[in-house]
Each structure stands twice: as C-alpha cells, then as structure tokens.
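Undergrad: Have a look at the structure that comes next, please.
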Amino acid sequence: MSTAGKNLLRFLCASGLLLLTAAAFNFVVDPLQLFRPARLLPAMYSEDSRLQNAGLIRSQDFDTVFMGTSLAIHFRQSDIDRLLGVKSLKLAMTGSNSHQQTFVIAAALNRHAKRVIWQLDDWIFRDAPEIDQDAYLPADLYRRNAKGVAGYLFSGAMARESTWILARSIRPLEKTVARLASFVPVKFPIASTDDINTLRADFDVGSAYNAKQAIAAFANITDPVRRAFLAEGYDYDAMVRNFERDAVGLIAGHPDVRFDIYLAPYSILQWVAMRDASPATLKIVYDFSAYLGRRLTEYPNVRLCDFRAASDITHDLANYSDVIHHSPDIDLKILSRLAAGDYVVDRAAPTASLERLKEQVAAYRVEPLR
Amino acid sequence: MLFNSYPFIFLFLPIALIGYFILGRFGNLAPVIWLALASLAFYSVSNWQFVLLLLASIAFNYVIGLLLIARRLSSSLRFAVLAIGVAGDLLVLGTFKYAGFLAANLNAVFSAGLAVNILLPVGISFYTFTQIAFLVDAYRGDVARYRLPHYALFVGYFPHLIAGPILHHKDMIPQFESADAKRPNPHLILCGLIIFAIGLFKKTCLADGIQPLVALAFGPDAPSFDQAWIGALAYSFQLYFDFSGYSDMAIGISLMFGVFLPLNFNSPYKATSIIDFWRRWHMTLSQFLRDYLYIPLGGNRCGRVLRYVNLMLTMALGGLWHGAAWTFVVWGVLHGVYLCVNHAWNNFGPRVAPRFERAAILAGFVLTFLSVVVAWVFFRADGMASAASILASMADPARIVFGRGEIADAALIAIYAGIAWFAPSTQTIMGYDHRNRTVGEALGTWRMRPALLYAGAAALAFGILGIQQHSEFIYFRF
C-alpha cells in the first residue's frame, strides 16, 4: 500500500476510534438513563421534557402517568403521589399537541402503567406534524431503535453533558462545576425528578400570578392588532379528527388502563376574550367540547372532570399569570378535587358542565383593575 | 440532501465515489454520466419538485450555447440569441425568486392586492449565474464545444449545486474531461477528507454552536446594548463559519473525485479594508460580479464618477441576488458605499507615514470589521424596522444588562473572534492551490504530518458528533 493509502487508512481509523470512544462514553454515563437507571454516577435530569421523557419512561418506577401541556408542567410528582395515592411519572410537555402526548403516553403504557391522569384542552387537537416529521420530539429515542440509539450515542452534545455529569460526580470538582453551570447552559442540571419543570422554592408566585397580569394578557390578546391569533389553529373538523385518532384511539386501545381526564380551568378571561374578539372561535370550542364530552363519557375506563366552570378558581384572577396559566395553588386544588371526585362529568348529561360554562361566559363583565 | 447529514456522509458519498472510480476503469464518459446522475439524485432528495426545472434550464442553456458556439449566425442574430438566453435565465430566476417581492412592493404602493406564493428552488441563483457566464463567454467566442454530459455535470455538479462556489466552465469542464481524475488517488481522497472534516467542524461545531446567541439581537425581545452587539457579532461569525464551512466541504468532496474547485473564502475577517474584504469573502461571487456586471457596465474605464456609480450598481444588484427583500438591497448598497469610500480614500486620502503604518493597518482592520458587522444587521434582520431597532440598541450604551448570561456569551464570542482572526485558513493548512491543481504537497515532508492527520481525524469525528437533526446552511436560502 502507498504511503498516502496508509495515511488514509490511519485517518479513517482514528476518526472511527474517536466516534466509538464518544459513543462508549455516552453509553456508560447515559445522561438520559435510556439503558439503565443511574447507578455509577448521580442521576441528573433535563427540563427539555420531550427529550427527558424518553429516559424517564425507561428508568423510573411508576404506575401512573401524568400528561398535559404548560398548564400541567409545574405539578410536583410528590404532590400527585401524596394526594392521589399513586406512584406517578410526570410527562407533561409545554406546547405539546395530541400527536406528541398520545405517542409519549403510549410509550409509557408499554411499561405497564395502570392509570393516566391527563390534562386536556381543545388547543392540543389542532393540526400538527406527524410524529416522525416532528422536529421537536425525538420519536426514535422513545422507540429505542437503531436510529434513535445511534443519534443518542454518537452525539457530541450528549458527550458534553456526559462530561458535565462525570465532572460533577468527582467530589473535589463538584463546587466548581456547579458554579460553572450557572454560566454555561447545561442540559441536565436537575438532581431530582420531583424538581423537573417545577417552580423553585424561592420563586415569587405573587408577582408572577396576579390579576394585573391576567388583565394585561386579556387586553393584549383582544387588541384588534392581535385578536386574529385567537382563531389560529381552530378548525372543528381537524380537531375532531385528531381527537378521534389520538385520544379516543389510545383510550379504546387500552381498556385495562384507567384514564382520569380533566379539562383545565382556564381563567374566565380566556372565554370572554373569544366571546368579545373571536366569537366564531368560541363556537368551534363549544361545539368541540360538547363532542369531546359525549365521546369520552362513552368509555367505561374514562373519568372526565371538567374544571372549566369551577368559578371559585376561574373567576379569581389572582390565580393566573395570563388568561390560561394558573398558579401552583390551583395545581394542588385540582389534585385534591380529582381525589375527591368533584367536578366529574355525569355520563347521563355529558354537556351539563359546558352549559354552566356558557352561562358564566355570557354573564361575565370584565372589571377594570382599580 | 445536506452535507452535514448521516445519509450523505455514510451512504451517498461512498456510493458516489465507488461508482465513479469503478466506472472510471471502463472509460472516460461513463463516470461523468454517473456523477451527473448522482448529482440529480442528490438534488432530488429534498428538491424533487424542481428537478425538471433544473433539467430544463440545463437543456435551454446548452442549446443556446451551441447556437452561439457554432458561429454560423450573423453578429446581430448571435446577439439576439444571447439576449434570449440571458433573458430566459433571468426570467426564470425573477419568477421564482423575485415575483413575490415585486407583488409585495406593488401592493404597498398601489394596494394592488396581488398574492404570489412561489417556492424558491434551492440553488437556482447559483446555477443561473453559472450558466449566464457560460452564455456570455460563448458569445465572446471563449468557449469550445462541450459534450452534453460534461455540461450537465458542470451545472449540476452536486458539491457546488446548492450554494456554490460559483463555477466557471473553463475551469471545470477540462477537469471533467481529464482521464486522471477518474482514477482513485489516495492522496487527493485524504486531503479532500481533511478539508471536508474542517468544513464539517466549522458547520456543526462552530456555526451551529453559536446560533442560539444570534437570537439575543434578532429575537422577539428588544435587545440591550450588550445583547445587540453579542447577537450581531454572533451572526457575523455564524454566517462566516456556516458558509465557509459549506465551501470547505464542497471543495473537499470535489477533491475526492479528483476535481479542484475554486476557493470561496480566505479568512475574510482578517481584512484590513473593505476592498480587501471583498477579495476574501465569497470570492467566486465577487469574481462573477466583477467579470459579468461591473466590467460590462464600464468598470473603472469611464472616469471616477461612473466608476463609483458602477460599483454602487454592482453591489446593490449583488445584494438583491442574495434575497428578494429591501434589507438585502440596503446591505448591498451599504457595501457599495463602503467600497466607494475606500477607493476615494485610496485616491485622495493622505499617505500614511511609515512609522504609523502598523497603527493604520490595525485601524483599517477594526474599522472594516465593524462596518461589516453593521451591514450584517441588515442582511439578517426580518425587515428594515427591525434592523433599525437593533442598530439603535447597538448605539445606545445607556441600556446595558451584562449579567451572567451575557458574560458567558461574550467569552464565547471572544473565542470565535480568536479563531476567525488568528487561525490559518483551510487552504493554508492544507496547501490547497487551485490554480496549479496541487494540495498537501508539504505533507510528505512536513514534520507535523501525523499531528495534522490526527487533528483532521478529530475534526471529522467532532464534526459528525455535532450533527444535529435539522441544520440547513444559511446560504441555501439564497
């Protein structure tokens, strides 16, 4: 072989060796705990729930799945466990759609979960990319197929996180690494699953959730310049199609699993905004809600709770950071009421709670803040 | 298909190379046809709906070229044929790239209510310019008759098809015709791999790595003084590493096939004047604009005033070539102004005393870099208002945050600046000489050869490890 040929071989072998070393390093540290629960090194977790959930499903011990959007993101697993008497795994994903939620729940159910607590709203059933075309959800990682595993192991970003985790586990370096982590973005900074996407103990809830914020958000979304956004993504036929395929398909396919589904308590302002600025959208939401209520109550393994007309929550604007996102206090109220069986939709009158909501929305007048 | 993707690196490229060299044993034409078909396959993976357009463009220009080369027509008829050819190319480019822009402007002025939604075929700006140059040279009598497979490969050659470098037929077609390139050359393959590795590293580790910082200036929130500067600098480095990384990868890939592509970058942020910058940035576009626009407009042959007018026109059209938006026009005009000022300074400015020469060079370097960064704000901004707002923030030191995040970001920017200002260019590292068709000559005797070899291997490994799911090259949009 010529010298150039030998050099070419050396070059390719050296590259290959480096790639394999990085993959082996990622496999040993396994930041996502995709292959095994963390034993050698302390477990660390990421706030990127679409990525982290793939590892949580594999590594955690649970019998109940908790799913939802940003409205369910701040719940603490310890609260869910304490109030509902389950061993839960929170898999809520901010801004998620029904394709993503169903895919992730299905992956968790494959690990023999017996119960799903699911925060639903109409917005998740908007049209969205198919799961394999979804750039934000690493579906192959959940499937743990060759493509997903290769993408995970042969990832420089993951090797960097592995290095952080390894460095943090070395006691003399622990403080330095923790200090550095406050300057450099680290993907896996959380030490406990209970703290994933929850508000820190020192978080100022009062300044984030108050009536002033809610009224300001209401003024913002009803502004004539922006009110068209209220209608964005609302298409009755598409929502019904996605609901049938995703939610109903999952429920019907798992008759042995109990689904505790709750409709989240938006502030009354969200409904009033649609009433005043986009009545056609409100009609779509009402019609879809009625359809959803009728269909879900047909299934014996579903218990549907509708908190949307819970006026003690939804009319107290101090509970909200905008027109839909409620405070951690409401998280606890929701869990308590789920445990107590309050606000359960009557199978004989599946639209009764919707009718109560309609009355509230029609009657409500927005008071300017004094 | 992206160069920075697993299917390209582990599937397409090896198959294209193996097929090319196997067919090279059976003759000189088969590998050319193979490479042309491979290029079509490469293009059709993500742009299948525009394959016919590409083929039609190749056929149209080839026929027009044949008419011009044959020299059987009268001179006025030849000119008419050239005009038809160039107009046809510009019409297609204008339809796909500028119809929406034109409609938006008509709507703004006349409330015309026109709605134009046409997808931009990837690479159309590059293959249109390549072929216009071919037609003009054919008209001038500077072109020999080429065979269709060679011409089709020249236009569609996959390493350059999507985002350049802009090729010249006189440079490329003789290489496609050469029998030497059809035999595997381990030295060229190795050098090509190392250049590809450097480009891949620039793209996936450097350009993609700094991308999140760009949002500090160009995101939805109004930036502070420091955030605006960090974002603008981040974009300056992102664009450079992204595009020069792409160009390195194109050169490296082509080298594996035994074909030398022209250089497109030569450490542009080391430039000490704007004239110098344009000799180092997107060099093949600068050459094209000089040869086929600036010089035909009269260049510097019609007096100083017209020279400046020609410069402004060339740069404004160069800006418009990048994209159908006023921000690109302003970017081009701004560089036109810079160039005029630079030429005027050279002509009328005071001579620098020898003892101040270093200081003058340093001042020129700083001024050039800052001017380029300011112009990039228009290049990147979503609109004129957004650009003006970012520039206002960059000029308002009263609003400053400089928290932990900004300190870390500034440190990262400093590292990128260090690489852009002090690291040698890829061609310097590799001894790539496009004109003499040599590369890596020093590697055989150089003591550092193993270090370069293993550093290149590391660059390839890190480049592959850095591949993200969806990371297009910025210049794909142009």
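Undergrad: Residues in the stretch A:197-217, backbone N under 18 Å from the label point at A:S182 (7 Å along the Cα-to-beta-carbon vector): list them, ranges by number please.
TA: Residues passing the 18 Å test: A:200-204.
Undergrad: Right, something else. Classify the stretch A:290-370 as rounded, prolate or oblate from the Cα gyration tensor: take a ≥ b ≥ c as the square roots of its eigenvalues, call it rounded if a/c is under 1.5, otherwise prolate when a/b beats b/c and oblate if not.
TA: Oblate shape, in that a/c is at least 1.5 and b/c is the bigger or equal ratio.
Undergrad: Hey, which aspartates and glutamates would be in cross-link range of A:K147, C-alpha to C-alpha under 14 Å, not counting anything within fewer than 8 residues on its own chain?
TA: Within the straight-line cut-off, A:K147 pairs with A:D132.
Undergrad: Given contacts defined as C-alpha pairs under 8 Å and at least six residues apart, what's the relative contact order of the stretch B:339-453, whole-number percent?
TA: Relative contact order, the stretch B:339-453: 8 percent.
Undergrad: Starting from the Cα coordinates of the stretch B:1-91, work out the convex hull volume and express it per residue in Å³.
TA: Output value, Cα hull per residue: 109 Å³.
Undergrad: So which residue, out of A:D204, A:D322, A:D48, gets the largest mean-square fluctuation from a GNM of chain A using Cα contacts under 10 Å as springs?
TA: A:D204
Undergrad: Name the most mobile residue of A:L71, A:L56, A:L41, meaning the one with the largest mean-square fluctuation, in a Gaussian network model of chain A with Cα contacts below 10 Å.
TA: Of A:L71, A:L56, A:L41, the Gaussian network model singles out A:L41 as fluctuating most.
Undergrad: Please report the Cα spread of chain B along all three principal axes, rounded to whole Å, starting with the longest.
TA: Computed over the Cα atoms, the extents are 70, 61, 53 Å.
Undergrad: Along Cα→Cβ, 7 Å out, is where each label goes; now give me the distance between the ones at A:A208 and B:L106 in nm to one decimal.
TA: Here the modelled spin labels are 5.1 nm apart.
Undergrad: Based solely on C-alpha atoms, express the radius of gyration and the Dmax of the stretch B:109-226 in angstrom.
TA: Answer for the stretch B:109-226, Rg first and Dmax second: 21.2, 62 Å.
Undergrad: Counting DSSP beta bridges with both partners in chain A, what percentage is antiparallel, nearest 5?
TA: The antiparallel fraction comes to roughly 15 percent.
Undergrad: Given the -39500 (n - 2.57) contribution per DSSP H run of 4+ residues, what per-residue ellipticity at 222 nm results for the protein assembly as shown, rounded to the nearest 500 deg cm²/dmol?
TA: Taking each H run of at least 4 residues, the total per residue is -18500 deg cm²/dmol.
Undergrad: First measure r as the distance between the Cβ atoms of B:V51 and B:R399, then evaluate 1/(1 + (r/R0)^6) with R0 = 56 Å and state the FRET efficiency to the nearest 0.05.
TA: E(calc), rounded to 0.05, equals 0.65.
Undergrad: Under the Kirkwood approximation applied to all pairs of distinct alpha-carbon atoms, what is the hydrodynamic radius of the stretch B:24-159 in Å?
TA: 16.5
Undergrad: Could you tally the net charge around A:S182, taking each other residue with its Cβ under 12 Å from the Cβ of A:S182, Lys/Arg +1 and Asp/Glu -1?
TA: Summing Lys/Arg as +1 and Asp/Glu as -1 gives +3.
Undergrad: Which shape class applies to the stretch A:1-143: rounded if a/c is under 1.5, otherwise prolate when a/b exceeds b/c and oblate if not, where a ≥ b ≥ c are the square roots of the Cα gyration tensor eigenvalues?
TA: Note, shape of the stretch A:1-143 comes out prolate.
Undergrad: May I have the extent of the alpha carbons of the stretch A:220-370 along their three principal axes, as whole Å values ordered from largest to smallest?
TA: Taking the Cα atoms of the stretch A:220-370, the three principal extents are 51, 34, 25 Å.
Undergrad: Using 0.36 nm per residue of separation minus the Cα-Cα distance, give me the extension gain between B:F79 and B:S44 in nm, one decimal.
TA: Full-extension gain reported as 9.2 nm.
Undergrad: Follow-up question, since we're still on this one. Averaged over peptide B:452-463, how many Cβ atoms belonging to another chain are found within 10 Å of each residue's Cβ?
TA: Rounded to a whole number, the mean comes out at 5.
Undergrad: At most 14 other C-beta atoms within 10 Å and a DSSP loop state: those are the exposed GluC sites (Glu not before Pro) I care about. Give me the longest piece of chain A that has none.
TA: Longest site-free region, per DSSP loop and neighbour criteria: A:1-129.
Undergrad: With just the Cα atoms defining each centre, how far is the stretch B:230-298 from the stretch A:232-298? Give it in Å.
TA: 53
Undergrad: Now a separate question. Apply the Kirkwood formula to the stretch B:355-394: the hydrodynamic radius equals the inverse of the mean of 1/r over all pairs of different alpha-carbon atoms; give it in Å with one decimal.
TA: Final number for the Kirkwood radius of the stretch B:355-394 is 11.4 Å.
Undergrad: A further question follows. Which FRET efficiency value, to the nearest 0.05, is calculated for B:K170 and A:L12 with the Förster distance at 35 angstrom and r the Cβ-Cβ distance?
TA: Using R0 = 35 Å, I get an efficiency of 0.50.
Undergrad: Determine the sum of side-chain charges near A:S155: Lys and Arg each +1, Asp and Glu each -1, restricted to other residues whose C-beta is under 14 angstrom from that of A:S155.
TA: Net charge around A:S155: -2.
Undergrad: Turning to a different aspect of this structure: Can you compute the equivalent ellipsoid semi-axes for the stretch A:172-307, i.e. the square root of 5 times each eigenvalue of the Cα gyration tensor, sorted largest first and rounded to whole Å?
TA: 36, 27, 15
Undergrad: Same structure, new question: Starting from the Cα of B:A87, step 7 Å toward the Cβ, then list every residue of the stretch B:27-68 with an amide N under 20 Å from that point.
TA: Within reach of a label on B:A87: B:57-68.
Undergrad: By the gyration tensor of its Cα atoms, with a ≥ b ≥ c the square roots of the eigenvalues, what is the shape of the stretch B:297-345: rounded for a/c under 1.5, prolate for a/b over b/c, or oblate?
TA: oblate
Undergrad: So, one more: Over the stretch B:69-137, what relative contact order in percent results from Cα pairs under 8 Å that are six or more residues apart?
TA: Rounded, it is 37 percent for the stretch B:69-137.
Undergrad: What net charge is computed for the residues neighbouring B:G405, neighbours being all others with C-beta under 14 Å from the C-beta of B:G405, Lys and Arg scored +1, Asp and Glu -1?
TA: So the surrounding residues net to -3.
Undergrad: Same structure again: So if R0 is 25 Å, what FRET efficiency would A:L20 and A:A135 give, r being the distance between their Cβ atoms, rounded to the nearest 0.05?
TA: After rounding, the FRET efficiency stands at 0.35.
Undergrad: Now for a separate question. Which entries in the list A:K90/A:K114; B:K182/B:K203; A:K87/A:K187; A:K212/A:K333 go over 19 Å, if you measure between the two C-alpha atoms of each?
TA: Beyond 19 Å between Cα atoms: B:K182/B:K203; A:K87/A:K187; A:K212/A:K333.
Undergrad: On to the next question. Cα atoms only: what Rg and Dmax, in Å, come out for chain A?
TA: Computed over the Cα atoms of chain A, radius of gyration and Dmax are 23.4, 88 Å.
Undergrad: For a protection proxy built on the mean count of beta-carbon atoms within 10 angstrom, sort B:353-359, A:154-160, B:243-249, B:72-78 highest first, please.
TA: Answer by packing, highest mean first, reads B:243-249, A:154-160, B:72-78, B:353-359.
Undergrad: I would also like to ask the following. Report, to two decimal places, the Cα Rg of the stretch B:230-340 normalised by 2.2 N^0.38 Å (N = number of residues).
TA: 1.17
Undergrad: Starting from the Kirkwood radius over alpha-carbon pairs of the protein assembly as shown, derive D by Stokes-Einstein at 10 °C in a medium of 1.306 mPa s and give it in µm² s⁻¹.
TA: 52
Undergrad: How long is the gain from B:S386 to B:D180 if the chain were fully straight, where each residue apart is worth 0.36 nm and the alpha carbon distance is subtracted?
TA: Gain in length upon complete extension: 68.9 nm.
Undergrad: Helices from chain B with mean Kyte-Doolittle at least 0.0 and a Cα length along the axis of 20 Å or more, per DSSP H: which?
TA: Once both thresholds are applied, what remains is B:30-47, B:51-70, B:75-93, B:124-140, B:186-201, B:225-256, B:304-322, B:326-348, B:357-380, B:404-422, B:449-465.
Undergrad: Any idea what the relative contact order of the stretch B:310-364 is, in percent, if you count C-alpha pairs under 8 Å spaced at least 6 apart?
TA: Reported as a whole number, the value is 30 percent.
Undergrad: Also, quick follow-up: Per-residue mean of other chain beta-carbon atoms within 10 angstrom of the beta-carbon, peptide B:181-194?
TA: Averaged over the peptide's residues, the number is 3.
Undergrad: Amide H to amide H under 5 Å from B:T438: which residues, 5+ apart in sequence or cross-chain, H placed 1.01 Å off N in plane?
TA: B:D433
FYI, it's all coordinate maths here, none of it is from the lab. Values in this document were obtained by computation on a predicted structure and should not be read as measured data. Here Cβ is always computed from backbone atoms with ideal geometry, including for glycine, and neighbour counts include all displayed protein chains.
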